[in-house]
1. Run down Lys83, Lys60 and say which single residue is over 21 Å from Ala33 (Cα atoms) and basic (Lys, Arg).
2. Any idea how many residues of the range 60-75 are touching a residue at least 40 places away in the same chain (Cβ under 8 Å), crowded, with 17+ Cβ neighbours inside 10 Å and not aromatic (Phe, Trp, Tyr)?
3. Across the range 18-33, what is the total count of residues that are surrounded by fewer than 16 Cβ atoms within 10 Å (Cβ to Cβ) and closer than 17 Å to Phe8 by Cα?
4. Out of curiosity, is Ala36 loosely packed, with under 14 Cβ neighbours inside 10 Å and out of contact with any Gly (no Cβ under 9 Å at 6 or more places or on another chain)?
5. Based on what the data block shows, is Ile84 surrounded by 18 or more Cβ atoms within 10 Å (Cβ to Cβ), more than 10 Å from the chain's Cα centre (by Cα) and under 17 Å from Pro20 (Cα atoms)?
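Nothing in this text is a laboratory measurement; each read-out follows from the coordinates by a stated rule. Predicted, not measured: the structure shown is a model, and the values here were computed from it. Neighbour counts are summed over all protein chains in view; Cβ atoms, including those assigned to glycine, are modelled from backbone coordinates with ideal geometry.
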Amino acid sequence: MMSMTLKFSGPVWYWKGPAPHYFVTVPAEQAQAIRAAARFVTYGWGMIPVRARVSGTEWKTSLFPKDGLYILPVKLAVRKAEKIGEGDQVTVHMQVGG
């Protein structure tokens with residue numbers, strides 16, 4: 001399995017859907033690189049396994065495709081550990097392919 005490491009920044013936003021959650025949108029430039037590698041790392045439905053880090057907190061999750069980009073779920077434990085709230089700007093270090 002291939003992997004690539006990316007770094008990006010963006011605001012944390014809240015989705016109020018049936019399963020509410022907080023996300024960071026992967027910018028277009030990085031999303032394009034992920035899309036190029038997606039067929040090697042996806043496990044179906046467009047989901048991409050990743051290992052992400054914000055400051056000193058690391059977690060495993062999957063990117064979701066949305067509006068031609070990807071969104072990264074930011075788990076509650078990460079938000080608590082790093083004192084992250086809605087609208088906060090974060091820098092994410094991410095390894096695509098888990």
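1. Lys83
2. Of the residues in the range 60-75, 5 are touching a residue at least 40 places away in the same chain (Cβ under 8 Å), crowded, with 17+ Cβ neighbours inside 10 Å and not aromatic (Phe, Trp, Tyr).
3. Here the count works out to 5.
4. When the stated conditions are applied, Ala36 passes them.
5. Judged against the criteria, Ile84 is a match.
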